[in-house]
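Worksheet: one structure, shown below.
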Amino acid sequence: MRLITPLRAVAGWLEARTGLGAAVTPAATHPVPRRTASWWYVFGSATMTLFALQIATGICLALVYVPAADQAYQSLQYLNEQAAFGAYLRAIHFWGSNAMVLVMTLHMLQVFLFGAYKYPRELTWIVGVFMLLCTLGMAFTGQILRWDQDAYWGLGIGASIAARAPVVGSTLVHLLLGAPIIAGRTLSRFFALHVFVVPGILIALTGLHVWLVLRLGVNEWPMPGRVVDRETYRERYEAEVHRDGVPFFPVAARKDMIAMGVVILAVLVCAAIFGPNGPHGVPDPTITDASPRPDFYFLSLFALLALLPPWTETVILLVGMPLAIVLLLALPLFASTGEKSWRRRPVAVLSSLLIVLVVATFAALGVMSPWSPVMDAGTALATPVTYVQDRSPLELQGALVVQNKQCRNCHSLGGEGGARGPALDGVATRLTRDQLIRQVLQGGGNMPAYGKNLTPAEVNALVAFLETLRPSNQPPARAPEGARPVARSD
Ligand code: HEC
């Protein structure tokens, strides 16, 4: 009792100076439609709670993480193995991100099926779509910060896809990676995006989203036959809320708070049981038996790209994805009135079901599909004898490099080997020495860059060997007019 009085005095003093209580109380206790005090309406606040958890754990992780290419991996290992609660923190951040994407998806589905995006809440939906994109951006950039095999390969594939964009391709790659290849600057760039840029935008959008929800009111429970009409909607909503509403706090907020507790608990339990994710292996472009899998939210896209013929990748990414985003953004504009209830919107229900099924199926396929058609093919294959007969010692050395670096995981020789890259049999008829050197050093087009993982002598031998790969009746490739030759070092 004795403590209460001075506390009250302090609270009273703060309130007298700031007036925050008076400003917040009406927002907290504003009436909402009675039936929205429902479990269906808890996903938004649950997503926000998970976001707060991500910020808190993210700040703790950033205190230890070193965003430098040669130390990031070690700093994660240090977190995993030595730092107090380090592994648990990483686990919470990882499971929290999974939970956030999942609960946010549920929130979007609920909003879609309840017609909550219709007049006058179109902008709330549009802001929400941008929040979805930001969250996926957080997921993608976060995955890169793990800076392990998966991150390296995932990014390499992502970059080579970006490179296919017409005209702006190479600029896009440069913008993404900070260099023509994946390097230290790439990590700095993704770190800045993950801890400053995207979360900053996401916090601002969250504020706007909540403001819009407060201003326009929580969507009423949709009733079949009660159609949205621009002329009458607002008046009817106000009347219903004042006749039959309940105060948001504490009545409707009770279930929200329980849901917040449940999702946090679920994340803490998952983190304790399953632990952190990775890091999986030091990034090394010469190890191709890695089996890179993106985190689950990108699995379906990954499977789609892995399973469809390569030419469709460009179409899917450059046409399909922007189209999907534009459709999502435009949804409340072309369907802003009419029925809200899912019982009268079979197309909406079926398309939601279809999308969920397709995404889930592809995600399941993504878990099972090999990431490259014949990934384990070349490892143990001996180089066919005809390819090493009558070769100079230098060329034979090059054949050994092909063998040791397992180029045939992706390339075939004599019809055997992987199919991710073109067969190397006649490569000398297609590429000049300069082009061969560039391809090996810089990679590109889904091929890793070997620049840092081969000594100049190895490159020299390798290219000498590749230059012998042509049928004897066909001439070697000729350099285009005006190309500068590379000085031979042997
Ligand atoms: C992860 C799979 C992968 C590995 C491993 C790989 N490559 Fe490639 N490589 C590719 C792909 C994909 C292409 C096609 C690039 C393009 O379309 O621009 C390619 C292209 C090439 C080309 C140009 C072929 C042409 O006809 O245009 C050469 C030469 C080459 N690779 C050599 C090598 C050598 C040598 C190694 C081993 C040191 C190697 N590759 C390892 C995937 C790989």
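Nothing in this text is a laboratory measurement; each read-out follows from the coordinates by a stated rule. Computed from a prediction, not measured in an experiment: that's the story for all the values here. Backbone-built Cβ (ideal geometry, glycine too); neighbour counts: all protein chains shown.
How long are the three semi-axes of the equivalent ellipsoid for the stretch 311-357, computed from the Cα gyration tensor as the root of 5 times each eigenvalue, in whole Å, largest first?
26, 15, 5
For Ala324 and Ala204, what is the calculated FRET efficiency with R₀ set at 25 Å and r taken between the beta-carbons, to the nearest 0.05?
So the FRET efficiency works out to roughly 0.55.
Which ³J(HN,Hα) values, rounded to whole Hz and listed in residue order, are derived for the stretch 317-328 from phi using the Karplus coefficients 6.51, -1.76 and 1.60 in 6.51 cos²θ - 1.76 cosθ + 1.60 with θ = phi - 60°, glycine and proline given as x?
7, 8, 10, x, 5, x, 5, 4, 5, 4, 4, 4
Using θ = phi - 60° and the Karplus curve 6.51 cos²θ - 1.76 cosθ + 1.60, what whole-Hz ³J(HN,Hα) does each residue of the stretch 181-195 get, with Gly and Pro shown as x?
10, 6, 9, x, 5, 4, 5, 4, 5, 6, 5, 4, 5, 6, 9
Can you give me the long-range amide H partners of Val32? Hydrogens built in the peptide plane at 1.01 Å from N, cutoff under 5 Å, separation of 5 or more residues or another chain.
Answer set, sorted by chain and number: Val246, Phe248.
What does the charge count near Gly137 come to, summing +1 for each Lys or Arg and -1 for each Asp or Glu among other residues with Cβ under 15 Å from its Cβ?
Charge balance in the 15 Å sphere: 0.
Would you mind classifying the stretch 220-277 by shape? Square roots of the alpha carbon gyration tensor eigenvalues, ordered a ≥ b ≥ c; an a/c under 1.5 is rounded, otherwise it is prolate if a/b is larger than b/c and oblate if not.
prolate
So how far apart, in nm, are the two label points at Leu357 and Gln442 if each is 7 Å from Cα heading toward Cβ?
Each label point is offset 7 Å from its Cα along the Cβ direction, giving 4.7 nm.
Search the structure for amide H atoms under 5 Å from the amide H of Thr383, placed 1.01 Å from N in the peptide plane, and list their residues when 5 or more places away or on another chain.
Those lying under 5 Å, H to H, from Thr383: there are none.
Lysine pairs, Cα distance under 30 Å, 8 or more residues apart or cross-chain: how many in the chain?
4
Once you have a ≥ b ≥ c as the square roots of the Cα gyration tensor eigenvalues for the stretch 378-467, tell me rounded if a/c is under 1.5, and otherwise prolate or oblate according to whether a/b is larger than b/c.
Rounded shape, in that the Cα axes give a/c under 1.5.
With label points built 7 Å along Cα→Cβ from the Cα atoms of Ala28 and Val167, find their separation and express it in nm.
Placing both labels 7 Å beyond Cα along the Cβ direction yields 5.4 nm.
Express the C-alpha Rg of the chain as a ratio against the empirical globular expectation 2.2 N^0.38 Å, rounded to two decimals.
Taking the Cα Rg and dividing by 2.2 N^0.38 Å, one obtains 1.23.
Which value in nm describes the separation of the simple spin-label points at Ser392 and Ala62, placed 7 Å from the Cα toward the beta carbon?
About 5.6 nm, to one decimal.
Could you list the residues of the stretch 324-340 with an amide nitrogen less than 16 Å from a label point located 7 Å from the Cα of Ser38 in the Cα-to-C-beta direction?
339-340
Starting from the Cα gyration tensor of the stretch 185-284, take the square roots of the eigenvalues, sort them a ≥ b ≥ c, and report rounded, prolate or oblate (rounded when a/c is under 1.5, otherwise prolate if a/b is larger than b/c, else oblate).
prolate
Report the calculated FRET efficiency for Arg185 and Ser472 (r = Cβ-Cβ distance, R0 = 56 Å), to the nearest 0.05.
0.80
Would you pull out the residues with amide H under 5 Å of Asn219's amide H, same chain only if 5 or more places away, H placed 1.01 Å from N?
none
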